[in-house]
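The values are calculated or read from the model by the stated rules, or taken from the named source; none is laboratory data. All figures in this text were calculated on a predicted structure; none of them were measured in a lab. Cβ: placed from backbone, ideal geometry, glycine included. Neighbour counts: every protein chain shown.
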Amino acid sequence: MWQYVVRKLLWNIPVYLGILLVVMVALRVNDPVWARLGKNATQEQYEQTKEDLGLHESFLRQYGRLLNGFDLDRYSWDKHGRTVRQELSQAVWPSLAIAGPALVLTTLVALLTALLAAFRRGRPLDRWLMAGAVVGMSISYVVYVILGQYFGAYKLNEWVGREIFAIQGYDRSQPLWWVQYCLLPVLINAALAVGYDARFYRAVIVEESTRDHVRTARAKGLSERRVWLKHVLRNAMISVITHVMITLPFLVAGQIVIEVYFGIPGMGSTLITAILGKDFPIVQGFTAVFAALFIVTNIATDVLYAVVDPRVRLQ
Amino acid sequence: MLFSRAVRKFRKSRLAVISAIGILAYLAIGIGIFLGLVTREDAFECVGPNHVPGFGAAQKPEKRFDDVDFELGLFERALKRGDKEEALAEIRLGRRRVADVPVEELEKRLDAAFEIFDELDVSRDLNREPQLWPKLGELEAAAARLWQPLEGRDAFSQRVKLAFGTDRQGRSILLRSVYAVKIALQIGIIVGVASVIVGTLLGAAAAYYGGWVDHLVQWLYSTLSSVPYLVLLSVLVFMFQGSAVEQSLVPLYAAFGLTFWIGPCRVVRGEVLRIKQLDYVQAATALGQRRSLILLKHVIPNVSHVMLVQFSLLFISAIKAEVVLTFLGLGVKDEPSWGIMISQAKQEVVNGFFWQIGAATAVMFLLVLAFNIFTDALQDALDPKHIA
């Protein structure tokens, strides 16, 4: 077991080195200083900015600095006097306030839908649920967000006569701020993720339910309830858990559209604002942190997988 | 034949056949546009006042008043110019042209229209004053006399152009959403084909040769997939900001191309790991065939079903990702794409105008739905392990 963990850790070192290299190169292909300053900048301004960013140093030195702490203490370009670290620690919480509840809600609803469908496999209920999932998946993500805001915030508020969900923004000083600012994004997010997850979970559960050991369990006269709970669901949970684990890093970054549209100052919207504003320090720092988060969860997923399924260790 | 059994299985599913026909229809539209059925100019041409609803749906009086105001403004500006005749000849809204009468007559008609216009006080809220509505009808009739009446094909063409209404610049929503089919197919096919070819070659080589090739390929895809995909796409688009190709579709192709090959590469690698153990590959090896030839002639053809399924998965992802990236301001800039239309519709929805978002979503929905069903059926037919 430990051997497996160590092997995984070792394998991820070059991956980490590689991704930071890719990020660095991608951000430097097109000189970030000129991109920011525009063509009318003087040579002095150029040199000055370059030094502020630490871009005058050799590539290897910059690489070393990025590896050693993501270069987080650099100052953001747009937000004067704030470092990347400050921006990051400020942006994490709004992201989590939406992503966390959304993940829980999505997983619960998707699992329930999948169970219902798998339990009634091939019958009308299953067909309707899965047809609904395919239809839902075929509409663009962005449309859900736009219409969700229109009907969930504008129309609902108009109809009720007072503000239930805020149309945009994020303000923690309000009482019930979470309901006001975060609940609607969470609901929209869950609504559009359920289709994908339910299909996946259903496939997993159906596959488990056709296994030999399930037939044996039935043959020896176990009750249907016991067969499903103990023999099907328990095995299916392995895939469910890994699926949830894999989506963890996307939690922080995957809400980009929702954060941008609802004006929530999370990590996704901070990154997009930085990209559009060519705020180089933020783009580089955030991407590097995303990569690190991703790799950590990847390792955790692999290890968890090996714990629940001993066969994995042998590969 | 390699696929004959799969084709038979595929054809048994009625939904699958319908979806395949749907995809072919879209493809035909795409080819038609490519050949000039709807040109880029058509998609940018102003065909009427802004935000006209589709199917000639009724509008609020205030909006009707604004529309007449817009039309009269066109004539007023033209008649103020020195070369009246020329300026008038330039006025066009889709197929509509200035009435074929002498300039003096036209000026008279315009004055008549303005007389009614002035009677309807601009500051009043027409929506609330039904007694003014007949007057509004008169104004519209007066404004209509400035235009040459449309007949036959022109009238039909104009109706088609206004079928789904117009966007905020008075451009035909129908033509734009149809022209976007070409953009979407272009993105989907180029990205899908390129990614599947690159992914298959790398994945097959990694699995077949093993050793350092395998390690290298695995490292490459682990690396590129260790940043959330939307973040990586954004960074890659950032790469092109301020460069010569920024306005074109090239940044989009590059960003998709660099990330999308990972899926097919993984699946093909897994499949080839299995295939290379099979007897016929061993036999080919024993016969002394070159390894690269075995890979190309015996191994890769046997993953073609995987390639097909992966292509259709990527096609859908590319089309959907275009919309998301464009929405974030990082994707298509200057072409009429569904992403552009949906992004523009943000403000319209707030004002209760759903034609643009509705048309773009509907046209896109049908294609993506057809492809989703098609992919499922394809997997059913080709992959015995796939769960339907």
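Do we have any residue at all in region A:259-267 that's farther than 26 Å from residue A:141 by Cα, under 16 Å from the mean Cα position of the chain (by Cα) and surrounded by fewer than 23 Cβ atoms within 10 Å (Cβ to Cβ)? No, because not a single residue in region A:259-267 is farther than 26 Å from residue A:141 by Cα, under 16 Å from the mean Cα position of the chain (by Cα) and surrounded by fewer than 23 Cβ atoms within 10 Å (Cβ to Cβ). Contact annotation: residue pairs with Cβ atoms under 6 Å, 6 or more positions apart or on different chains, pairing a residue in region B:79-98 that is assigned to a helix (DSSP H, G or I) with a partner that is among the β-branched types (Val, Ile, Thr) and modelled with pLDDT under 85, are B:84/B:103; B:88/B:98. Counting only residues that are under 28 Å from the mean Cα position of the chain (by Cα) and buried (at least 17 other Cβ atoms within 10 Å of the Cβ), region A:25-46 holds 3 of them.
On the stretch given as region B:221-231, residues that are at pLDDT 80 or above and more than 8 Å from chain A (Cβ to nearest Cβ) total 2. Here residue B:350 does not fit the description of being within 14 Å of chain A (Cβ to nearest Cβ) and within 22 Å of the chain's Cα centre (by Cα). Considering only residues in region B:37-53 that are farther than 18 Å from residue B:348 by Cα and in a loop (DSSP other than H, G, I, E, B), the one that is farthest from the chain's Cα centre (by Cα) turns out to be B:47.
Looking at region A:145-161, can you tell me whether even one residue there is of a type outside the set (Lys, Arg), in contact with a Phe, Trp or Tyr (Cβ under 9 Å, 6 or more places away or on another chain) and more than 21 Å from residue B:357 (Cα to Cα)? Checked against the condition, which is being of a type outside the set (Lys, Arg), in contact with a Phe, Trp or Tyr (Cβ under 9 Å, 6 or more places away or on another chain) and more than 21 Å from residue B:357 (Cα to Cα), region A:145-161 yields at least one hit.
Checked against (1) touching a Ser or Thr at 6+ places or on another chain (Cβ under 9 Å); (2) assigned by TED's automatic domain parsing to the domain that holds residue B:140, residue B:42 meets all criteria but (2). On inspection, residue B:328 qualifies as within 11 Å of chain A (Cβ to nearest Cβ), modelled with pLDDT under 90 and surrounded by 22 or more Cβ atoms within 10 Å (Cβ to Cβ). Is it true that residue A:110 is part of a helix (DSSP H, G or I) and either more than 25 Å from residue B:374 (Cα to Cα) or more than 14 Å from every other protein chain (Cβ to nearest Cβ) (or both)? When the stated conditions are applied, residue A:110 passes them. Out of region B:359-378, which residues are surrounded by fewer than 19 Cβ atoms within 10 Å (Cβ to Cβ) and more than 9 Å from chain A (Cβ to nearest Cβ)? Answer for region B:359-378, where residues must be surrounded by fewer than 19 Cβ atoms within 10 Å (Cβ to Cβ) and more than 9 Å from chain A (Cβ to nearest Cβ): just B:362.
Per-residue answers, yes or no, for (1) touching a strand residue (DSSP E or B) at 6+ places or on another chain (Cβ under 9 Å); (2) closer than 29 Å to residue A:19 by Cβ; (3) part of a helix (DSSP H, G or I); (4) of a type in the set (D, E, K, R):
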| site | (1), (2), (3), (4) |
| --- | --- |
| B:227 | no, yes, no, no |
| B:259 | no, yes, yes, no |
| B:263 | no, yes, yes, no |
| B:266 | no, yes, yes, yes |
| B:284 | no, no, yes, no |
| B:299 | no, no, yes, no |
| B:313 | no, yes, yes, no |
| B:316 | no, yes, yes, no |
